[in-house]
Every structure is written in C-alpha cells, then in structure tokens.
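Structure first, then comments.
The values are calculated or read from the model by the stated rules, or taken from the named source; none is laboratory data. Worth saying up front: this structure is predicted, and the values here are computed from it rather than measured. Note that we place each Cβ from the backbone using ideal geometry, even for glycine, and neighbour counts take in every protein chain shown. To get the accessible areas, we keep the full protein, side chains included, count just its heavy atoms, and leave off ligands, DNA and RNA. Shrake-Rupley method; radii C 1.70, N 1.55, O 1.52, S 1.80 Å.
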Amino acid sequence: MASLISSVFILQRTMYGTAKSNMTNWKTGFYIGMGCIRTFYRSKAHIISGNMLAKEIKKEVQKDVESWLSLGNKRPHLSVILVGDNSASHTYVKNKIKAATTVGISSEVILRPSNVSQEELLDIINKLSDDSSVSGLLVQLPLPEHINERDVCNTIAPEKDVDGFHIVNIGKLCLDQSSIIPATAAAVWEIIKRTGIKTFGKNVVVAGRSKNVGMPISMLLHTDGRHERPGGDATVTITHRYTPKELLKIHTQIADIIIVAAGIPKLITADMVKDGAAIIDVGINYVEDPRTGKTILVGDVDFEEVKEKAGYITPVPGGVGPITVAMLLKNTLMVAKKLIY
C-alpha cells in the first residue's frame, strides 16, 4: 500500500504573482484519486492588503490630478463638514484630509458643534453646493439625533456628492446608470476586480442591509455586466442582524463570496464558510481586548479562524478602510472633471 501513496503539492500565487516556495502555514488534507491515497497541501487564505491596494489607487489618482492640472484646469477641492465631537468621526476626517493632500487635492474642514440646528447645517451645505471653488462636498456621518441625515444627504448638490448618498445618485446606481458610487461599496468592488475574484454566476452573501453600504454593494454585484454601469452578474442574498444564525449559516456555507457589514463582532465563524471562499469584512467594531483590557478595532469576521478556510480575506484594520478613503479621492477627481453630470 505504501507504494501507492504519493504527495501532491498545490502552489497558489498571491495577487502580486509570487508563488509560495515552502510548506510554512500550509494546510494538509487527503483525497482518493487514480486508485491511490494522495496527500495535498493548501495555503491559508490570501490576506488582501488594503493598505497596498489603497497606495496603488492613490498613485493613480495623483497621476490623474497632475495630468488634469497640466491642462490648465483648476485643482480639485474637497469640503468636509464635521458636526460634533465624535472621536471616530474626527479620526476618519483627519485621514481623508491627509490622503487628499498626498494626491494633490486641496481640502477644508468646516466644524460645527453637536447642537448646531438642522437649518444652519442645511444653509452651510447650500452655500458650498453653490460655490464654484468647491469640487466635492461631504458631511461626515453619523450626525446628532436631532438632525435628519436623509435631508442632509439630499441637500448636497448631486454633482458634488462625493459620498454618493444623494437620492439621485442612489437612484442611478439602482438603475445601472453611471453615478457617483458610495465609497465603501466602490472599495469592495475595487477589491474584487483588482484581486481577480470571479463574480459571474457566483453565489454571494451580503450580511448587512444599510442604504449606504450593504444595499449599494448588493446592487453592484448582482446587476448586469453589459449595462451602462456594469455589474457583477452574481446571485446575491442579502441578510442582516435579525437573520437567524442558523439560516445565515445555510446561506454562507454555499457562498463563493461573503461580504459582511452588519456591525456584529465575530458574526462569521469558520464553520459558516466553505473552503476557498472570498471574505470581505467591512465591519467596524470597538471591543475590549480580554488579554490587555484595551479597546481594539475588529471586524465582523472571526479572522484568525476563518483565514484557515478562506481563499481570500480582508483584515480589520487594514482592509476595506484604506481603500474606502482612496475611492473617495477618486470620486472627488471624477466630480471635478464633471464626468457624471
């Protein structure tokens, strides 16, 4: 029997084309084929570096900005309205402004206290929407409870709406028309395209139904690839925080791609994932580290367990987040060039 046993080594390439040359961190399994028992080795998931992809995108945007300016055009300018003292929001805005500077986009932050009236906030938005020196405009979310976020998003001029939240942009997205795509959804789509993850005819689960993230991601993945705004031609199932865990598991176990944006730490565990699936974690959760007692940032996926089964996986932090910022810059350049409106 021993003479019938042979070993098969399956080398997988990373997204940058480098083949693994040793057996470190490789998984072992067995299958029967050609009348003998064969041993195979498969690598752990390819961990997608959001930082590296974001760096690539920002280089492309910087080059496009320089080309735009060389033609005598005005430098793109991003205005950000920040309300209140939410520490996470301040950090996000700081990162956006810093990134804008690196690619040659000028920017400004308009600060207002948490008790600002909705009337005053809408007045500021109207003035910036009418200001010809402002290319792109966004209001950092979330907003205080006394302010209606939908009213705020719809007050921004749709042609300057770099977040893609205006009802016109969302409507165009749903109709497969060219529009400004919400940056997080655009980031997920960019990850899929740049890593070569196939979507045509694949099963996709999107865990999360928010109108700013889950819904636009679902639209991008399931719609027709031949339309004005090409989609992924995938079969998409949308679940959410109230989907029973056992039902969610039934869907995820047959999914080729799982995108998680539900805001629930460790919602997706290893037993819910089939071998080789692509896992994109959009979750942002601040939890206490049981070892240190410090607050840490984690996603919606049990990363350490799931990476043993997945084919691709994004970490948190360092996954979707940096690419979201890069796609916001891409949107800002796009509105400056008036490519949509």
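Scanning segment 175-197 for residues that are of a type in the set (A, V, I, L, M) and either outside any helix (DSSP H, G or I) or open to solvent by 20 Å² or more (accessible area, probe 1.4 Å) (or both) yields L175, I180, I181, I197. Per the listing A183, A207, the residue uniquely within 25 Å of Y341 (Cβ to Cβ) and at pLDDT 95 or above is A183. Every test in (1) open to solvent by 70 Å² or more (accessible area, probe 1.4 Å); (2) more than 22 Å from I181 (Cα to Cα) is passed by K98 save one, and that test is (2). Could you check V325 against (1) part of a strand (DSSP E or B); (2) in contact (Cβ under 8 Å) with a residue 12 or more places away in the chain; (3) hydrophobic (A, V, I, L, M, F, W, C) and say which number it fails? Exception for V325: condition (1). Scanning segment 283-301 for residues that are loosely packed, with under 10 Cβ neighbours inside 10 Å and either touching a His at 6+ places or on another chain (Cβ under 9 Å) or part of a loop (DSSP other than H, G, I, E, B) (or both) yields a count of 5.
All of Y312, Y341 fail the test of being of a type in the set (S, T, Y), at pLDDT 95 or above and open to solvent by 50 Å² or more (accessible area, probe 1.4 Å), apart from Y312. If you go through segment 32-84 and keep only what is exposed (fewer than 13 other Cβ atoms within 10 Å of the Cβ), more than 25 Å from the chain's Cα centre (by Cα) and modelled with pLDDT of 95 or more, you end up with E66, S67, S70, L71, G72, N73, K74.
In segment 142-167, the residue that is farthest from the chain's Cα centre (by Cα) out of those that are of a type in the set (A, V, I, L, M, F, W, C) and buried (at least 16 other Cβ atoms within 10 Å of the Cβ) is I147.
Give, as residue ranges, the strands (runs of 3 or more DSSP E) completely inside segment 56-144 that count at least 3 residues that are without any contact (Cβ under 8 Å) to a residue 40 or more places away in the chain. Break it down into steps so the answer makes sense when it comes.
Numbers: elements: 77-83, 106-112, 136-139.
Here the list reads 106-112.
Every listed requirement among (1) free of Cβ contacts under 8 Å to residues at least 60 places away in the same chain; (2) farther than 20 Å from N212 by Cα is met by V306 save one, (1).
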